[in-house]
Amino acid sequence: MRARRHLLVAAAVGLAGLATGQAYAAYQPKLVPVTRQQAFADAARVEHVPLRLLLAVSYLESRWDANQGRPSVSAGYGPMHLTDGTLVPAREHFSGGTEDPRGDTSRPRRRPRASGVRPGHVAQTLQQAAKLTGASADDLRTDATANIRAGAALLAHYQRRLRRPLSSNPSAWYQATARYGGTSWFADQVVNVLRTGESRTTDDGQRVTLAATPGLKAVRTAANAAQTECPPDLGCEWIPAPYQQLDPKDQTKYGNHDEARRPLSQRIRYIVIHDTEGDYASSVKLAQDPTYLAWNYTVRSSDGHVAQHVKNKDIGWHAGNWYINAKSIGVEHEGFLAQGGAWYTEAMYRGSAELVRYLTREYGIPVDRAHILGHDNVPGGVPSDVAGMHQDPGPYWDWAHYFDLLGRPPHATGGANAGLVTIRPDYATNTVPYTGCDAKNPSAACPEHGGGDVLLRTAPSADAPLVKDVGAHPPNGDATMSVYDFSARASTGQTYAVAGRQGDWTAIWYLGRKAWFHDPASAPAAVGARGLVATPKPGAKSVPIYGRAYPEASAYPANIPVQDLTPMQYTFAAGQSYPVADVARGEYAYSKTFDLSTHAVVKGRLKYYEIQFGHRVYYVKATDVVLRRVS
């Protein structure tokens, strides 16, 4: 009874100080432990904000997570994503990049040299909310209940500034919601969340539910810029990358992408998901640098805003593999793979998913993990490329949730003893003890964080060594626990052929060997699948695999140099099986000068199968393997 009296007194004092934020100390939510659901209800009542609206805004910002008081990649804190405008993630220094971007590698390898914060242009909603409520900035960063109340106060403040009543109808708050999120597209997404409802358990074990409100309609005012290729009402901005000759005397020196005629010249078959390893403004500026490299789209963290830089008919230099570049669209996401446990916002996931849904429909791209690749899934073109391939967006990118938003969640297509498995751990509870999140102390453990990858070992034991990757770690192949090291990891949505089962462990064929992952029935890390697998043709001890599906030599005209069909350093031996994800004829996009008239696409008869060979996809010649269906 005493605790209940504290809560009632706090609510009454909060109402009295609504306009000025006075006497916040008397409201202190720490006086009594409250559930996350109750915290939303209390804040909505005190600030006269519709509870459904407050829940929907918070869901779109953070999915109601507290994130252990750590900031998002756009310096937002807590369930309401209150942004600290004095701090944004530090822009990293870029290194590497000596290869021809139109050859086998296409982008400097990106790795943060230092973590930290620097002055930025993020709105100071955290400081503004602190003034409204009287709470300290530290409380708003670390106390989820205080953060929720402050977010509600900020919403009410925006509504008053618009001279609108504090209505109980969420639809009356559209403009205030757009102001809170930064765009009208954000407000439209809040309406979508209200319409469908949501329910989930947060990262700190709080069950929160928002009941569906069918029949709501979004205003849809987020018009796309005329030059953009985006779904209606996403509000895409056109920030073009320059196609520019850098030396007037040398047409081979130009940047920062290639003009082309896709999909007439060749099919667009992949979408590559990146993170920027820098803040939005700096990343967009790089795309505008004619001496650097460009990609097709960038998605902002704070509100899911999308900017397009390169037309989809043209080829961005983004994937690190020219074959993939020529057949893909690159989508960058503001963020860091591992810096300080920073997290991706729900708004960014939704903005990206809405864009990618549109692109897959527009170009007929299959919605699966063999065609929607992380940059970390792109193969090296030749053996020497493998060690320098990129690792983003990393194990903390929530592929399961992303594919939920794409309408194709990873699910079982086979039984418990199927010959294939699709990796599907529970993201929230799948906490792998990575290292390397702190550049100043790379051997230190990363902050505990859910993730979508499973570790792969040489035997069915937690004490067994990680499997080797001779390409990533020549010559011995020894993998590490670094968050940047994908040598011994399988990712959510990827499908593999089963190589064995023992107790709580499942083995898959991976990089030419058996790889075991913990897969107990009580907390499965994978689900059964069925489909086609490739095995070496009868009599072959092993078959070569390739990082690019180029044509046979006879397909090249005299004026275009023949590209070598260089096998990778891995072994695909007899008795092993790898899932077949696609079939392709050999293609090579030739573009070595600024003059578009010299560009051409060489198409051959040589047939390849795309396979899931390790963490990355690779290719085998159809004549080297036989296919069989497993279920």
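The values are calculated or read from the model by the stated rules, or taken from the named source; none is laboratory data. From a predicted model like this one, the values you see are computed outputs, not experimental measurements. Reconstructed Cβ throughout: ideal geometry from the backbone, glycine too, with neighbour counts over all protein chains shown. Side chains are part of the model used for accessible areas, which takes the heavy atoms of the whole protein and leaves out ligands, DNA and RNA. Shrake-Rupley method; radii C 1.70, N 1.55, O 1.52, S 1.80 Å.
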Cα-based shape type of the stretch 266-364, given that a ≥ b ≥ c are square roots of the gyration tensor eigenvalues and the cut on a/c is 1.5: oblate
Taking R0 as 51 Å, what's the FRET efficiency between I560 and H411 from their Cβ-Cβ distance, rounded to 0.05? 0.70
Neighbourhood net charge (13 Å Cβ-Cβ; Lys/Arg +1, Asp/Glu -1) for I239: 0
Where does the stretch 407-447 land on Rg(C-alpha)/(2.2 N^0.38 Å)? 1.81
Could you give the length gained on full extension between A462 and A444, defined as 0.36 nm per residue of separation minus the Cα-Cα distance, in nm? 4.4 nm
Considering only DSSP beta bridges whose two residues both sit in the stretch 173-324, what percent are antiparallel, to the nearest 5? 85
Can you work out the FRET efficiency for the pair R361 and K607, with r the C-beta to C-beta distance and R0 = 35 Å, to the nearest 0.05? 0.85
What does the highest-first list of 522-532, 384-394 look like by mean Cβ count within 10 Å? 384-394, 522-532
Probe 1.4 Å - accessible area at K468, Å² to nearest ten: 80
Rounded to the nearest 5, what is the percent of antiparallel bridges among the DSSP beta bridges in the stretch 260-377? 25
If you roll a 1.4 Å probe over the heavy atoms of the protein chains, what accessible area per residue do you get for the chain, in Å²? 38
Take D404 and R163, extend 7 Å from each Cα along the Cα→Cβ direction, and tell me the distance between the two endpoints in nm. 4.2
Expressed in µm² per second, the diffusion coefficient of the stretch 240-287 from the Stokes-Einstein equation, with Rh the Kirkwood radius over alpha carbon pairs, at 4 °C and 1.567 mPa s, is 96
Could you calculate the contour length gain from D289 to R267, that is, 0.36 nm times the residue separation minus the distance between their Cα atoms, to one decimal place in nm? 5.2 nm
Hey, with R₀ at 25 Å, roughly what FRET efficiency would K249 and L596 work out to, going by the Cβ-Cβ distance, to 0.05? 0.85
When Lys and Arg each count +1 and Asp and Glu each count -1, what net charge do the other residues less than 12 Å away from A41, Cβ to Cβ, add up to? +2
Which percentage, to the nearest 5, of the DSSP beta bridges contained in the chain is antiparallel? 80
Environment charge of T413, counting only residues whose C-beta is closer than 15 Å and scoring Lys/Arg +1, Asp/Glu -1: +4
Portion, in percent, of the accessible area of the chain that falls on carbon or sulfur, probe 1.4 Å: 52
Using only DSSP helix segments of four residues or longer, with each worth -39500 (n - 2.57), what per-residue ellipticity at 222 nm results for the chain after dividing by its residue count and rounding to 500? -6500 deg cm²/dmol
Note: T209 to N476 extended length (0.36 nm per residue) minus current alpha-carbon separation gives 91.1 nm
Note on the stretch 251-318: alpha-carbon gyration tensor, axes a ≥ b ≥ c; rule is a/c under 1.5 for rounded, else prolate if a/b larger than b/c, else oblate; result oblate
What does the C-alpha gyration tensor say about the overall shape of the stretch 371-470? Classify as rounded when a/c is under 1.5, otherwise prolate if a/b is larger than b/c, or oblate. rounded
Mean separation of Cα contacts under 8 Å (6+ apart) over length of the chain, as relative contact order %: 11
Peptides 168-180, 223-235, 268-280: what's the order by average Cβ count within 10 Å, highest mean first? 268-280, 168-180, 223-235
